[in-house]
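Undergrad: Can you read through this structure? Questions will come right after.
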Ligand code: GAL
């Protein structure tokens, strides 16, 4: 088709706009990539590798079908965290009807990529639900690539912890208590039963459920997959093998019966901090936070890190990742999603600086902010 002069001018105008350098974060606003298109990386995580950040997230399409995987995992790269170059689809769904676990129409959520120094491979973990089975499969899956941007080759999925009891699981908890399956949910007796392994026992053989997840690499190079398990009642932390592609069998529970989703983890001054959400599907709720001096616990529950207006809905968003800013000590960005399930492609991104008051992680809304907040004295950064 012949381009009209007006069409040509509009194309030129949008190209110029697309190339305008961004110099700040504007949480919740449309976030254009290098082509001027709103970033399509939901439930995202970030990898920092050789001077570049790589953002990986769920590629959503328009309309309710877009909540399932129609395309795959989208990758973008950046050197300054504001301006993102579209690197295309890093993990592509398999064709419909292929029988692959990641076929079109499956659910691929919350992808997180880590680099393994021993193998030189990039390892992507994500929450996988099998096509046509709702959220019942509750699996965590792994894909591997030689390059950060992919293509990632799908390896396999897991129910972690099969045949393995969590650390510190008492001998007397290995047998079911009489009548425990009939306990009424949310009663003190039921909470006690969950803490003492009601669901851990049920899923010992198939392996434990694994839904919302993140991956965390510690200073010693050991990596962990942290996921919502036991019908989303209890978080599990499971150690990955040296190549980060499987599980060692060492795992533990976090906050039994605490009903936590959307785990995001960071380490600061030797302590581990965890931010989560409650379980209300796509609807936002108040975030929670935890601290521990070991990844294996015990985890101490703290308060809602969000402050100010809309703190009770985490500013209408749900956590996905805590990004340590490269080259700045103790500088962390809280990353969250503002889901729009009726038209998932429109989903927004809430990135805010994460500060600390003692052990308590803190968030404060900002319409516009930049990485300079991390260079200001602590008090000023909090007050911005
Ligand atoms: C949310 C979860 C999302 C997605 C959604 C489906 O609670 O955090 O990742 O699974 O439920 O309803």
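The values are calculated or read from the model by the stated rules, or taken from the named source; none is laboratory data. These numbers come from a predicted model, not from an experiment. Positions of Cβ are backbone-derived with ideal geometry, glycine not excepted, and every protein chain shown enters the neighbour counts.
Undergrad: What pairs come out if I take residues in the range 281-297 that are free of Cβ contacts under 8 Å to residues at least 40 places away in the same chain and closer than 26 Å to residue 315 by Cα and pair them with residues that are within 16 Å of the ligand (Cβ to nearest atom) and part of a strand (DSSP E or B) whose C-beta lies under 7 Å away, six or more apart or interchain?
TA: Between residues of the range 281-297 that are free of Cβ contacts under 8 Å to residues at least 40 places away in the same chain and closer than 26 Å to residue 315 by Cα and residues that are within 16 Å of the ligand (Cβ to nearest atom) and part of a strand (DSSP E or B), the close pairs are 285/277; 288/276; 290/274.
Undergrad: While we're on this one: Can you confirm whether the range 253-264 contains a residue that is within 24 Å of residue 165 (Cβ to Cβ), touching a helix residue (DSSP H, G or I) at 6+ places or on another chain (Cβ under 6 Å) and in a loop (DSSP other than H, G, I, E, B)?
TA: Yes, the range 253-264 contains at least one residue that is within 24 Å of residue 165 (Cβ to Cβ), touching a helix residue (DSSP H, G or I) at 6+ places or on another chain (Cβ under 6 Å) and in a loop (DSSP other than H, G, I, E, B).
Undergrad: Give the residues of the range 88-123 that are surrounded by fewer than 19 Cβ atoms within 10 Å (Cβ to Cβ) and within 20 Å of residue 34 (Cα to Cα), sorted by residue number.
TA: Result: 88, 89.
Undergrad: Something else about it: Which of the numbered conditions does residue 144 fail, given that it passes all the others? Conditions: (1) surrounded by fewer than 17 Cβ atoms within 10 Å (Cβ to Cβ); (2) touching a residue at least 60 places away in the same chain (Cβ under 8 Å); (3) assigned to a strand (DSSP E or B).
TA: (1)
Undergrad: So, one more: Take the range 32-44 and flag every residue that is surrounded by fewer than 20 Cβ atoms within 10 Å (Cβ to Cβ) and more than 19 Å from the chain's Cα centre (by Cα).
TA: 32, 34, 35, 36, 37, 38
Undergrad: A further question follows. Out of 131, 170, 147, I need the residue that is modelled with pLDDT of 95 or more and either under 14 Å from residue 240 (Cβ atoms) or within 16 Å of the ligand (Cβ to nearest atom) (or both). Which one?
TA: Exactly one of 131, 170, 147 is modelled with pLDDT of 95 or more and either under 14 Å from residue 240 (Cβ atoms) or within 16 Å of the ligand (Cβ to nearest atom) (or both), namely 131.
Undergrad: Of the conditions (1) farther than 19 Å from residue 57 by Cβ; (2) within 16 Å of the ligand (Cβ to nearest atom); (3) outside any loop (DSSP other than H, G, I, E, B), residue 279 satisfies every one except a single condition; which number is it?
TA: (3)
Undergrad: Right, here's the next one. Quick one: how many residues across the range 176-187 are surrounded by fewer than 16 Cβ atoms within 10 Å (Cβ to Cβ) and either closer than 14 Å to residue 259 by Cβ or at pLDDT below 95 (or both)?
TA: 7
Undergrad: Are any of the residues in the range 29-46 within 16 Å of the ligand (Cβ to nearest atom), in contact with a helix residue (DSSP H, G or I) (Cβ under 7 Å, 6 or more places away or on another chain) and either within 26 Å of residue 220 (Cβ to Cβ) or assigned to a loop (DSSP other than H, G, I, E, B) (or both)?
TA: yes
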